[in-house]
1. Would you point out which residue out of L143, L35 is modelled with pLDDT of 80 or more and on the phi < 0 side of the Ramachandran plot?
2. Just to be sure I understand, how many residues within the range 111-135 are assigned to a loop (DSSP other than H, G, I, E, B) and at negative phi?
3. Check whether at least one residue in the range 142-149 is charged (D, E, K, R), surrounded by 11 or more Cβ atoms within 10 Å (Cβ to Cβ) and within 30 Å of A197 (Cα to Cα), and report yes or no.
4. Name the single residue that is modelled with the lowest pLDDT among those in the range 169-201 being polar (S, T, N, Q) and part of a strand (DSSP E or B).
5. Answer yes or no as to whether V138 is loosely packed, with under 10 Cβ neighbours inside 10 Å and outside any strand (DSSP E or B).
6. If F153 passes every condition in (1) exposed (fewer than 14 other Cβ atoms within 10 Å of the Cβ); (2) touching a residue at least 12 places away in the same chain (Cβ under 8 Å); (3) under 17 Å from P199 (Cα atoms) but one, which one does it miss?
7. Just checking, which of A192, A160, A197, A115 is over 30 Å from V92 (Cβ atoms), touching a Lys or Arg at 6+ places or on another chain (Cβ under 9 Å) and surrounded by 14 or more Cβ atoms within 10 Å (Cβ to Cβ)?
8. Would you please list the contacts, defined by Cβ atoms under 6 Å and residues six or more apart or on different chains, that run from a residue in the range 176-188 that is within 16 Å of A101 (Cβ to Cβ) to a residue that is assigned to a strand (DSSP E or B) and of a type in the set (V, I, T)?
Amino acid sequence: MAAENEPQDLPEEQPVTGGEAGAEAAKDAQDQEGLIEAEGPDVETSLSDADLSFLSGQSSAETLAAEHLADLQRVTAEYANYRKRTEANRQVDKERAIGDAVKVILPVLDDLDRAEKHGDLAEGGPFTAIAQKLRGGVEKLGLVKTGAVGDLFDPNIHEAIFQQPTPGAETSTVADVVEAGYYLGGSLLRAAKVVVAVPAD
């Protein structure tokens, strides 16, 4: 029994000398330093790649935004030009339609002028009010009469149907208006048919 209670012999711990302890500590330090060096470049590289990726994405987004802005500006300019052209075409079509309608009325206006020369449109006459309303209506549409006795002859707005040598005349002037000319807006609708007084030889 006494033998069983005696402690069994344990293996003896080998004493560690100072040299061995220093070598082991140095080895652990080198391993730790190697681990840090091994991990360090990978971490730096991964951060650098992430930064480059972010900057690249940001640059791509800015480029895309600039392209979209340029497209928007181009479309806006094209739409503005389209509206201007449409408005100009609408105005031209309107003037053309008014011109076509007024041309039909010109012979009636010529008859009113002849009637006025003959005294048929005297104040208080039966057709005076009708003539005034008709002339007022076409004036509202932009019709303007041109050609009057005494005007200098201008072949751009006058059509000479007869040249009358006139003593004392120094320049060619309108001696008589056979048919008045008319402007519609800024365009000559019809040249005035006139008799031209020219200097006598």
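The values are calculated or read from the model by the stated rules, or taken from the named source; none is laboratory data. A quick note: this is a predicted structure, and the numbers were derived from the prediction, not measured. With ideal geometry, Cβ positions are generated from the backbone for all residues, glycine too; neighbour counts draw on all protein chains shown.
1. Among L143, L35, only L143 is modelled with pLDDT of 80 or more and on the phi < 0 side of the Ramachandran plot.
2. Result for the range 111-135: 8.
3. Within the range 142-149, one or more residues are charged (D, E, K, R), surrounded by 11 or more Cβ atoms within 10 Å (Cβ to Cβ) and within 30 Å of A197 (Cα to Cα).
4. S187
5. Spelling it out, it is not the case that V138 is loosely packed, with under 10 Cβ neighbours inside 10 Å and outside any strand (DSSP E or B).
6. In the conditions (1) exposed (fewer than 14 other Cβ atoms within 10 Å of the Cβ); (2) touching a residue at least 12 places away in the same chain (Cβ under 8 Å); (3) under 17 Å from P199 (Cα atoms), F153 misses (1) alone.
7. On the way: A192 fails: over 30 Å from V92 (Cβ atoms); A197 fails: touching a Lys or Arg at 6+ places or on another chain (Cβ under 9 Å); A115 fails: touching a Lys or Arg at 6+ places or on another chain (Cβ under 9 Å).
Only one candidate passes the filter, namely A160.
8. Pairs that qualify, where the first residue is within 16 Å of A101 (Cβ to Cβ) and the partner is assigned to a strand (DSSP E or B) and of a type in the set (V, I, T), are Y183/V144; Y183/T146.
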